[in-house]
């Protein structure tokens, strides 16, 4: 009898494989870090073969540690870092170039040129996105032009494009070329209203349709794994991009519910129901999930640097040995410290969308020390979340000013950070009992698809709270601190105006 569901959670800095029991509790987990490469300023790459190897390693490890054979797995779900772009040979399966990671900014000039030509309204109307290097379309175009012969091969149907979910599906199944609606919605090529690849956008970016995968529901048929990989074939029955999977794992199925996931970046999604709602505040309109051909939409705010700021404290400055040390270190700082970090290491995301500026520290004094840096890094994530939620309230009339934020991801494990988040938001922050919500969402999709898990309404009723953080900071104090943050952001944005593409040189 099948008694488990397997989830593959392929993220920006690591890959995890998790086994879930029928009650959705975690039976086992295996994790492997993956390397990032930075070949030039603003360029970020992954080795697709390294990602694939990490998936094999972690799945085999979790099965071995739990002594669970593949025959006991009812279904497999996949969740993945979104927008990261891979192109590979359809015959050999070999990537033609390292993957361009969602953080990669090498196509900033292309995006600026398209904006100057007046194309952004079309992109936003069809996709809910803006013209930014974040999304896959300009990454695909760059690869086709940068790799000798790639464009011709793509036009002849010899190559395949995919986000990481498609890359893994191809390898797991031995050739299925598919994706789900949530990942397709992040390419800037997919019409989120009609649910199809858009011919006008393909022409705008110069991308052959032959490259593209088939788009399917989040819960449904995605083939089976090759038996030799894990000892038996496993049906793949769920796929969703990581932030949408976390939305599902947090059971945010009702309009007005909002979650924020704190990983390498931070991504807040507000469920807006069956109608796509256009943003007036530079948020993204996206697909939250698609079940039975019916799409549910969300407003999304994307912060490029969240947990990456903690990594900077550890790896860049050497101030901490482990990410968990950041909260205790920050707690030792002077509460009156006026230090602000604007962590625009790869530009600013929503609601500013400034790909070209870089980060800065403000308010340094002679006695500023490591604790103040840690506090500023953690608070920067809270301030950015505040700006996202403020934009959501301004955009969507159904957004409740008293909405509880459901938080997950690695940074959510820090009590100090979550309390600071509640204080600076002036809202309650709920941390779930199962904090691996991205993997949980993928597992739920797969398990629900095969009847192993209950309907969404019952799943939502089973959601459990681990701890609620209520705001303690006085409103006047909060206002002063937020004003300091906004002055720092304005100062950074005013340091230099974006350059004309003709004045730039590509690394």
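The values are calculated or read from the model by the stated rules, or taken from the named source; none is laboratory data. These figures come from a predicted structure and were not determined experimentally. Every residue, glycine among them, receives a Cβ derived from its backbone with ideal geometry; neighbour counts consider all protein chains shown.
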query = Of everything in the range 46-65 that's without any contact (Cβ under 8 Å) to a residue 60 or more places away in the chain and farther than 20 Å from residue 35 by Cα, which residue is surrounded by the fewest Cβ atoms within 10 Å (Cβ to Cβ)?
reply = 64
note = residue 506 fails exactly one of (1) modelled with pLDDT of 90 or more; (2) part of a loop (DSSP other than H, G, I, E, B); (3) within 27 Å of residue 355 (Cβ to Cβ), namely (1)
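Given the residues 467, 406, which is the only one that is at pLDDT 90 or above and either over 22 Å from the mean Cα position of the chain (by Cα) or not in a strand (DSSP E or B) (or both)? Walk me through how you get there before you give the answer.
Working: 406 fails: either over 22 Å from the mean Cα position of the chain (by Cα) or not in a strand (DSSP E or B) (or both).
Being at pLDDT 90 or above and either over 22 Å from the mean Cα position of the chain (by Cα) or not in a strand (DSSP E or B) (or both) holds for just one of 467, 406, which is 467.
Please tell me if residue 201 is over 30 Å from residue 385 (Cα atoms) and either touching a helix residue (DSSP H, G or I) at 6+ places or on another chain (Cβ under 9 Å) or touching a residue at least 40 places away in the same chain (Cβ under 8 Å) (or both). Even if it seems obvious, please write down each step before you answer.
Numbers: over 30 Å from residue 385 (Cα atoms): yes; either touching a helix residue (DSSP H, G or I) at 6+ places or on another chain (Cβ under 9 Å) or touching a residue at least 40 places away in the same chain (Cβ under 8 Å) (or both): yes.
Against the criterion (over 30 Å from residue 385 (Cα atoms) and either touching a helix residue (DSSP H, G or I) at 6+ places or on another chain (Cβ under 9 Å) or touching a residue at least 40 places away in the same chain (Cβ under 8 Å) (or both)), residue 201 qualifies.
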Residues of the range 169-191 satisfying the condition of being surrounded by fewer than 24 Cβ atoms within 10 Å (Cβ to Cβ) and part of a loop (DSSP other than H, G, I, E, B) = 174, 175, 176, 177
key: Test: residue 192 is more than 29 Å from residue 57 (Cβ to Cβ), modelled with pLDDT of 95 or more and under 15 Å from the mean Cα position of the chain (by Cα)   = no
note = Subset of the range 61-87, residues assigned to a strand (DSSP E or B), farther than 30 Å from residue 159 by Cα and in contact with a helix residue (DSSP H, G or I) (Cβ under 7 Å, 6 or more places away or on another chain), comes to 74
inquiry  = Could you go through the range 34-43 and let me know if any residue there is part of a strand (DSSP E or B) and at pLDDT below 95.
reply    = yes
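Residue check: is residue 51 part of a strand (DSSP E or B), closer than 28 Å to residue 132 by Cβ and modelled with pLDDT of 95 or more?
On the way: part of a strand (DSSP E or B): no; closer than 28 Å to residue 132 by Cβ: yes; modelled with pLDDT of 95 or more: yes.
No; evaluated as a whole, the condition is false for this residue.
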Within the range 427-444, tally of residues that are surrounded by fewer than 17 Cβ atoms within 10 Å (Cβ to Cβ) and either more than 27 Å from residue 78 (Cα to Cα) or over 22 Å from the mean Cα position of the chain (by Cα) (or both) = 1
key: Positions within the range 377-397 being farther than 15 Å from residue 307 by Cβ and either modelled with pLDDT of 85 or more or out of contact with any strand residue (DSSP E or B) (no Cβ under 7 Å at 6 or more places or on another chain) (or both), in sequence order   = 383, 386, 387, 388, 389, 390, 391, 392, 393, 394, 395, 397
request  = For residues that are more than 25 Å from the chain's Cα centre (by Cα) and surrounded by fewer than 17 Cβ atoms within 10 Å (Cβ to Cβ), scanning just the range 332-359, find the one that is modelled with the highest pLDDT.
outcome  = 332
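Hey, can you tell me all the residues within the range 121-136 that are over 22 Å from residue 357 (Cα atoms) and either crowded, with 24+ Cβ neighbours inside 10 Å or under 17 Å from the mean Cα position of the chain (by Cα) (or both)? Steps first, please.
Filtering the range 121-136 down to residues over 22 Å from residue 357 (Cα atoms) leaves 121-128.
123, 127, 128, listed by residue number.
Can you say whether residue 417 is touching a strand residue (DSSP E or B) at 6+ places or on another chain (Cβ under 9 Å), closer than 21 Å to residue 323 by Cα, at pLDDT 85 or above and in a loop (DSSP other than H, G, I, E, B), as far as the supplied structure shows? Show your work before the answer.
Values: touching a strand residue (DSSP E or B) at 6+ places or on another chain (Cβ under 9 Å): yes; closer than 21 Å to residue 323 by Cα: yes; at pLDDT 85 or above: yes; in a loop (DSSP other than H, G, I, E, B): no.
So residue 417 does not fit the description; no.
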ask   = Pick from the range 99-113 the residues that are out of contact with any helix residue (DSSP H, G or I) (no Cβ under 7 Å at 6 or more places or on another chain) and surrounded by fewer than 24 Cβ atoms within 10 Å (Cβ to Cβ): which of them is farthest from residue 217 (Cα to Cα)?
value = 108
key: Selection count where residues are within 22 Å of the chain's Cα centre (by Cα) and not in a strand (DSSP E or B), scope the range 3-33   = 3
